[in-house]
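Enquirer: Quick one: the structure is below, questions incoming.
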Amino acid sequence: MKIFRHLTTTLVTYGAIVAACVFLMNLAVAFVISTFAEVSFSGWMLVTVQIARWFVLWVGVYTIHNVLPIAVAHGRTRREFLVAATGFTAVFALAMTLLTWLGFLVEGAVYALMDWKSTPHGSPLAYFLMFLVWCAVGMFVTAAFDRWGYGGVLTLPVGLALVLVPGITMPGTGDMPFVRDLPLALGDGWHVVSVFAWVAAVGVTWAIGRAMPVRAKAV
Amino acid sequence: MRVDVRGLSVRYGSVVAVDDMSFSLSGNKIYGLLGRNGSGKTSLMSALAGYRKPLGAVTLDGAPVFENADAMRQVCLVRHTADAADKGDKVSYVLEYGAAWRETWDNSYALSLIDLFRIPLKSKVSALSLGQRSALGVVIGLASRSPLTMLDESHLGMDTPTRYAFYDTLLNDFMAHPRTIIISTHLIEELSSLLEEVVIIDSGRLVLQEEADVLRSRGTEVTGNAGDVDEFTAGLTVLSEKSLGRTKAAMVYGALDDSRLIRARQLGLELGPIALQDLFVHLTEPVGGKL
């Protein structure tokens, strides 16, 4: 519980600070654009689907690469840490979803006030699942690299496949190649596939991380 | 805390860092783990601390350590790379990790050590000098108050006055809170007065494990006329010899019986102790030493 509390308080706070800064920058850019062109899209939508998911992935990387060794160095087991980290992915994804939604509310109000045009964005559930899977995949791939060194590169295709899943029906992320109609045919059922992607990412992280060595860092 | 190692091996690909090693430490002493560069000290300590999965058995008070929460709580290993600290974190934050995650952590003691070693609390770990980073590692190790505390060359970056302060602090803390402390170091002579027992490893194998005083008594420097020294040392294990004109000094390993001592007096030879560091050097000479 101590690990979970620590991860949640520090990284959610950090995520909120980063999100607030990026949101203000995003609004500033919109105002700059409005001086010479018509604003016709949601900058926050682009930020949340293109930049935010990479930030969330990085948080997953940081959790395993930086925090897990510290936990072991302070006498905690990998099992304890991975249980806490799994719960953390859900809380962090939820927090990022709330921040995303809060951003859309504020941006919507500003756009309405300025009479700017916006673009559609994904549902809160779609955002939550996207953040959930990207955070877990960041943990999974990092665990593989930290355990096997360059051999971890073999897990990249798997990680890539997993992170593609929740973004398929999300506006602004691009479509799935070759089978464009499948997600549409599945409708909201596609979200179940995203949940499976998260379960798979967490499962392999667990399998790899339980025997991960704590390597000496470069001084 | 008792430490038992049975058939332990640590491999990195084709490199064998620890090779089928077995030994036991009865506990509540300051142990010196001595070995040359690449002898397997860090790998051995990493296995003892559960930093890596052992091939073989590593138990603390009879319980396996790897991924055993009860056993892991009892261990603290500080390598010279400061595993318990992230480079981007402030020193104060590093202490918060210890206070939050370790039940045995003594935060007031940690703060007093921070003050003693003059480590700026608000600086980031990456901004600290090598000596300050070493001192921070020592703070983490000592303030953890872990029943098994291991310091892996963690004081090597310190300057001489700071090292002396560390030795005093270590001894005082050990007297106040007896526990099993394992220190690996290359500064053997500086630390030798603190060591109660010595474990010497070389090429991943155990060379010897001995009480420090017993080990010192096993080595003797014999000085005198070259011919007399040669006669006296015949049949003994001679670690090294030095000659200057007709005078010769030889280091011999092994206890000298009464007849030898009488013979030395008859020949007018001087017998003196050997520094632990010199014994170590000769015991770990290439190709497994001279024993």
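Enquirer: Restricting attention to the range B:84-103, does a residue exist that is among the polar types (S, T, N, Q), within 9 Å of chain A (Cβ to nearest Cβ), free of Cβ contacts under 8 Å to residues at least 60 places away in the same chain and out of contact with any Pro (no Cβ under 9 Å at 6 or more places or on another chain)?
Expert: Within the range B:84-103, the first condition is being among the polar types (S, T, N, Q), and the residues that meet it are B:92.
Cutting the leftovers down to within 9 Å of chain A (Cβ to nearest Cβ) gives us none.
Checked against the condition, which is being among the polar types (S, T, N, Q), within 9 Å of chain A (Cβ to nearest Cβ), free of Cβ contacts under 8 Å to residues at least 60 places away in the same chain and out of contact with any Pro (no Cβ under 9 Å at 6 or more places or on another chain), the range B:84-103 yields no hits at all.
Enquirer: Which numbered condition trips up A:Gly172, out of (1) touching a helix residue (DSSP H, G or I) at 6+ places or on another chain (Cβ under 7 Å); (2) modelled with pLDDT of 90 or more; (3) within 26 Å of A:Ser123 (Cβ to Cβ)?
Expert: Answer for A:Gly172: the failing condition is (2).
Enquirer: Among the residues of the range B:21-41, how many are open to solvent by 40 Å² or more (accessible area, probe 1.4 Å) and either assigned to a strand (DSSP E or B) or within 21 Å of B:Phe280 (Cβ to Cβ) (or both)? Full working, then the answer.
Expert: Residues of the range B:21-41 open to solvent by 40 Å² or more (accessible area, probe 1.4 Å): B:22, B:26, B:28, B:36-38.
If we keep only those that are either assigned to a strand (DSSP E or B) or within 21 Å of B:Phe280 (Cβ to Cβ) (or both) as well, we get B:22, B:36-38.
Qualifying residue count, the range B:21-41: 4.
To keep it simple, each residue is scored yes or no on (1) more than 29 Å from B:Thr160 (Cα to Cα); (2) more than 19 Å from the chain's Cα centre (by Cα); (3) at pLDDT below 90.
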position: B:Ile188; (1), (2), (3): no, no, yes
position: B:Val198; (1), (2), (3): no, no, no
position: B:Gln209; (1), (2), (3): no, no, no
position: B:Arg216; (1), (2), (3): no, no, yes
position: B:Lys248; (1), (2), (3): yes, yes, no
position: B:Tyr253; (1), (2), (3): yes, yes, yes
position: B:Leu271; (1), (2), (3): yes, yes, no
position: B:Ile274; (1), (2), (3): no, no, yes
position: B:Glu285; (1), (2), (3): no, no, yes
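Enquirer: Within the range B:197-223, can you find the residues that are touching a Phe, Trp or Tyr at 6+ places or on another chain (Cβ under 8 Å) and either under 30 Å from B:Leu8 (Cβ atoms) or not β-branched (Val, Ile, Thr) (or both)?
Expert: B:Glu197, B:Val198, B:Val199, B:Ile200, B:Leu206, B:Gln209, B:Arg218, B:Gly219
Enquirer: Then there is this: Going by the conditions given, is B:Leu170 open to solvent by less than 10 Å² (accessible area, probe 1.4 Å) and part of a helix (DSSP H, G or I)?
Expert: Working: open to solvent by less than 10 Å² (accessible area, probe 1.4 Å): yes; part of a helix (DSSP H, G or I): yes.
Criteria met by B:Leu170.
Enquirer: Does A:Thr89 satisfy the condition of being β-branched (Val, Ile, Thr), away from chain B (no Cβ under 14 Å), over 16 Å from B:Asp86 (Cα atoms) and crowded, with 19+ Cβ neighbours inside 10 Å? Lay out the reasoning, then the answer.
Expert: Numbers: β-branched (Val, Ile, Thr): yes; away from chain B (no Cβ under 14 Å): yes; over 16 Å from B:Asp86 (Cα atoms): yes; crowded, with 19+ Cβ neighbours inside 10 Å: yes.
Yes.
Enquirer: Kindly evaluate A:Ala84 against the criterion of being closer than 30 Å to B:Asp83 by Cβ and in a helix (DSSP H, G or I). Write out each step before concluding.
Expert: On the way: closer than 30 Å to B:Asp83 by Cβ: yes; in a helix (DSSP H, G or I): yes.
Here the answer is yes, as A:Ala84 does meet what is asked.
Enquirer: Report, by residue number, each residue of the range B:42-60 that is surrounded by fewer than 16 Cβ atoms within 10 Å (Cβ to Cβ), more than 11 Å from chain A (Cβ to nearest Cβ) and not small (Gly, Ala, Ser).
Expert: Filtering the range B:42-60 down to residues surrounded by fewer than 16 Cβ atoms within 10 Å (Cβ to Cβ) leaves B:53, B:55-57.
From the residues that got through so far, the ones that are more than 11 Å from chain A (Cβ to nearest Cβ) too are B:55-57.
If the condition is that a residue be surrounded by fewer than 16 Cβ atoms within 10 Å (Cβ to Cβ), more than 11 Å from chain A (Cβ to nearest Cβ) and not small (Gly, Ala, Ser), then B:Leu55 is the only one that fits.
Enquirer: Identify, from the list A:Val49, A:Val83, A:Val91, A:Val56, the residue that is closer than 25 Å to B:Phe66 by Cβ and aliphatic (A, V, I, L, M). Explain how you work it out, then say what you get.
Expert: Values: A:Val49 fails: closer than 25 Å to B:Phe66 by Cβ; A:Val91 fails: closer than 25 Å to B:Phe66 by Cβ; A:Val56 fails: closer than 25 Å to B:Phe66 by Cβ.
On inspection, the qualifying residue turns out to be A:Val83.
Enquirer: On to the next question. Tally up the residues in the range B:46-72 that are in a loop (DSSP other than H, G, I, E, B) and touching a residue at least 60 places away in the same chain (Cβ under 8 Å), please. Spell out the reasoning first.
Expert: Let us first name the residues in the range B:46-72 that are in a loop (DSSP other than H, G, I, E, B), namely B:49-54, B:61-62, B:65-68.
Remaining after also requiring touching a residue at least 60 places away in the same chain (Cβ under 8 Å): B:49, B:61-62.
Count: 3.
Enquirer: Considering the range B:193-216 alone, what residues qualify as being small (Gly, Ala, Ser) and open to solvent by less than 10 Å² (accessible area, probe 1.4 Å)? Spell out how you get there, then give the answer.
Expert: Keep residues of the range B:193-216 that are small (Gly, Ala, Ser), which gives B:193, B:203-204, B:212.
If the condition is that a residue be small (Gly, Ala, Ser) and open to solvent by less than 10 Å² (accessible area, probe 1.4 Å), then B:Gly204, B:Ala212 are the ones that fit.
Enquirer: Evaluate the range B:64-75: report whether one residue or more is open to solvent by 10 Å² or more (accessible area, probe 1.4 Å), of a type in the set (Phe, Trp, Tyr) and either out of contact with any Pro (no Cβ under 7 Å at 6 or more places or on another chain) or more than 10 Å from chain A (Cβ to nearest Cβ) (or both).
Expert: Checked against the condition, which is being open to solvent by 10 Å² or more (accessible area, probe 1.4 Å), of a type in the set (Phe, Trp, Tyr) and either out of contact with any Pro (no Cβ under 7 Å at 6 or more places or on another chain) or more than 10 Å from chain A (Cβ to nearest Cβ) (or both), the range B:64-75 yields no hits at all.
Enquirer: Can you work out which of the residues in the range B:114-148 that are of a type in the set (Ser, Thr, Tyr) and open to solvent by less than 20 Å² (accessible area, probe 1.4 Å) is nearest to B:Ile30 (Cα to Cα)? Let's see the steps before the verdict.
Expert: Of the residues in the range B:114-148, the ones of a type in the set (Ser, Thr, Tyr) are B:123, B:126, B:129, B:134, B:144, B:146.
Imposing the further condition that a residue be open to solvent by less than 20 Å² (accessible area, probe 1.4 Å) reduces the set to B:134, B:144, B:146.
Working: B:Ser134: 19, B:Ser144: 16, B:Ser146: 13 Å.
Here the answer is B:Ser146.
Here's the yes/no breakdown for (1) in contact with a Lys or Arg (Cβ under 8 Å, 6 or more places away or on another chain); (2) closer than 20 Å to B:Val15 by Cβ:
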| residue | (1), (2) |
| --- | --- |
| B:Ser46 | yes, yes |
| B:Leu55 | yes, yes |
| B:Asp61 | yes, no |
| B:Asp70 | no, no |
| B:Ala100 | yes, no |
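Enquirer: Can you tell me which residue in the range B:96-113 is nearest to B:Leu33 (Cα to Cα), limited to those that are open to solvent by 10 Å² or more (accessible area, probe 1.4 Å) and assigned to a helix (DSSP H, G or I)?
Expert: B:Tyr109
Condition check ((1) touching a His at 6+ places or on another chain (Cβ under 8 Å); (2) part of a helix (DSSP H, G or I); (3) modelled with pLDDT under 90) across all residues:
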residue	(1), (2), (3)
A:Thr119	no, no, yes
A:Phe128	no, yes, no
A:Arg147	no, yes, no
A:Leu186	no, yes, yes
A:Val195	no, yes, no
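Enquirer: Of all residues in the range A:19-63, how many are open to solvent by 40 Å² or more (accessible area, probe 1.4 Å), part of a helix (DSSP H, G or I) and of a type in the set (A, V, I, L, M, F, W, C)?
Expert: Result for the range A:19-63: 15.
The values are calculated or read from the model by the stated rules, or taken from the named source; none is laboratory data. Just so it is clear, the structure is predicted and the values come from calculations on it, not from any experiment. No Cβ is skipped: glycine too gets one built from the backbone with ideal geometry, and neighbour counts run over all protein chains shown. In case anyone asks, the SASA skips ligands and DNA or RNA and just uses the protein heavy atoms, side chains included. Shrake-Rupley method; radii C 1.70, N 1.55, O 1.52, S 1.80 Å.
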